[in-house]
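Engineer: Shown below is the structure under consideration.
The values are calculated or read from the model by the stated rules, or taken from the named source; none is laboratory data. Nothing here was measured: the structure is a model prediction, and the numbers come from that model. Reconstructed Cβ throughout: ideal geometry from the backbone, glycine too, with neighbour counts over all protein chains shown. Only protein heavy atoms, including side chains, enter the accessible area calculation; ligands, DNA and RNA are left aside. Shrake-Rupley method; radii C 1.70, N 1.55, O 1.52, S 1.80 Å.
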Amino acid sequence: MNRKPTTASSSNSLPTDNSKNNGDEKDKGDQMFECNICLDTAKDAVISMCGHLFCWPCLHQWLETRPNKKLCPVCKSGISKEKVIPLYGRGSTNQEDPRNKVPPRPSGQRAEAETGSGFGGFGFGDGSFQVSIGIGAFPFNLLVSAFNFTSHNPSDNQVENDRGPVISKIFLFLAFALVFWMIFGL
Amino acid sequence: MASPSPSERRLQKELSSLMKDPPPGVSVDANAVYQHLNLWNVHMKGADGTLYQGEDFQLQFRFSSKYPFDSPEVTFVGDNIPIHPHVYSNGHICLSILTDDWSPALSVQSVCLSIISMLSSCKEKASTLSIEKH
């Protein structure tokens, strides 16, 4: 960082010396990451939607300066606190002056990664199609699992397989009886 | 001197960059500027091929402590004030980037360039006063 040479300028050192030592030997790549307001390497960097880099404290101060005319200082496109993206590099910015009194810069927005298979919950893929519908005290999932005996996968749903065909047929009968009673019994 | 304020830091950087890469016809007395970092005197030559060719002007930049969030006050000073529709005889410059359209991404360099451009695009030397009479 070019912090030291600027303090030297308070003495009589010529600015030409300053610019030579400072500007030419400074790695040119640094200039890429200068804040457009303070002209220092951006600290707590944020980037606008239009792609311009600022220190968050600098940009915040500018937005506060003209609260009803929030424009990007560089290209004058509309800009707002919500629409800037923080940049997190690997290097920390601890060694720089603590500019308090500035609200923390907006945080990044994380989106969950997209997983390959859409629904994990409903297991349409494996042979046993389980639906649980209940009205009052009647657990109709028994009915459904009873219908399901043709496509049972032996590897899973051991519990239902262990019930045996007799019980499920009894329940099937009871269920049909109940349905008939509900429809025709009135 | 303790660590310089943000505006002083920025002015020092601008001074270095203006010394290194000034717009054509622009020069600044760096030693004088270092005496008063918030008051710059910038020399400007009228660009060749324009109405102001061969003329020398002096601009004064006055920076507040809120610079660059506040625009600098820029006026022509000295005995040669350019005759231009947007320049008052007292040296005041009517230029939007110096007031409402100021942005902290602008600099002494870009303001100088804008003023050179403003002068250079002038087709007829006329003072603000004569414009008002029309």
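Engineer: When Cβ neighbours within 10 Å are restricted to other protein chains, what is their mean count per residue of peptide B:101-108?
Structural biologist: Partner-chain Cβ atoms within 10 Å, mean over residues of B:101-108: 6.
Engineer: What average number of partner chain Cβ atoms lie no more than 10 Å from the Cβ of the residues making up B:10-21? Kindly include the intermediate steps, with their values, before the conclusion.
Structural biologist: Details: counts 7, 1, 10, 10, 1, 4, 14, 3, 2, 7, 8, 2.
What the average comes to for B:10-21 is 6.
Engineer: Which order do A:38, B:94, A:55, A:50 take when ranked by solvent-accessible area (1.4 Å probe, heavy atoms of all protein chains), largest first?
Structural biologist: Accessible-area ranking of A:38, B:94, A:55, A:50, largest first: B:94, A:50, A:38, A:55.
Engineer: Additional query: How high is the FRET efficiency from residue A:76 to residue B:94, r the C-beta distance, R0 22 Å, rounded to 0.05? Working shown, then result.
Structural biologist: Working: r = 20 Å, r/R0 = 0.91.
Computed FRET efficiency for residue A:76 and residue B:94: 0.65.
Engineer: Helix B:6-20 versus the longest principal axis of chain B: what angle, 0 to 90°, nearest 10, using Cα atoms?
Structural biologist: Roughly 60 degrees, rounded to the nearest 10.
Engineer: Would you mind checking the pairs B:45/B:125; A:43/B:66; A:76/B:123; A:43/A:69 and listing those with alpha carbons more than 21 angstrom apart?
Structural biologist: Distance filter (> 21 Å) returns A:76/B:123; A:43/A:69.
Engineer: Could you work out what % of the accessible surface of the stretch B:1-117 is carbon and sulfur, using a 1.4 angstrom probe and leaving DNA, RNA and ligands out of the count?
Structural biologist: C and S fraction of accessible area: 50 percent.
Engineer: For the stretch A:179-185, what does the Karplus curve 6.51 cos²θ - 1.76 cosθ + 1.60, with θ = phi - 60°, yield as ³J(HN,Hα) per residue in whole Hz, taken in order and with x for Gly and Pro?
Structural biologist: Going residue by residue, I get 5, 4, 5, 5, 7, 9, x Hz, with x marking Gly and Pro.
Engineer: Run the quick spin-label model on residue B:123 and residue B:38: label points 7 Å from Cα toward the beta carbon, then report their separation in nm to one decimal.
Structural biologist: Distance between label points: 4.3 nm.
Engineer: Tell me the angle of helix B:108-120 to the major Cα principal axis of chain B, expressed in degrees between 0 and 90 and rounded to the nearest ten.
Structural biologist: Helix B:108-120 sits at roughly 10 degrees to that axis.
Engineer: Other chains' Cβ within 10 Å of B:42-50 residues: what's the mean?
Structural biologist: 0
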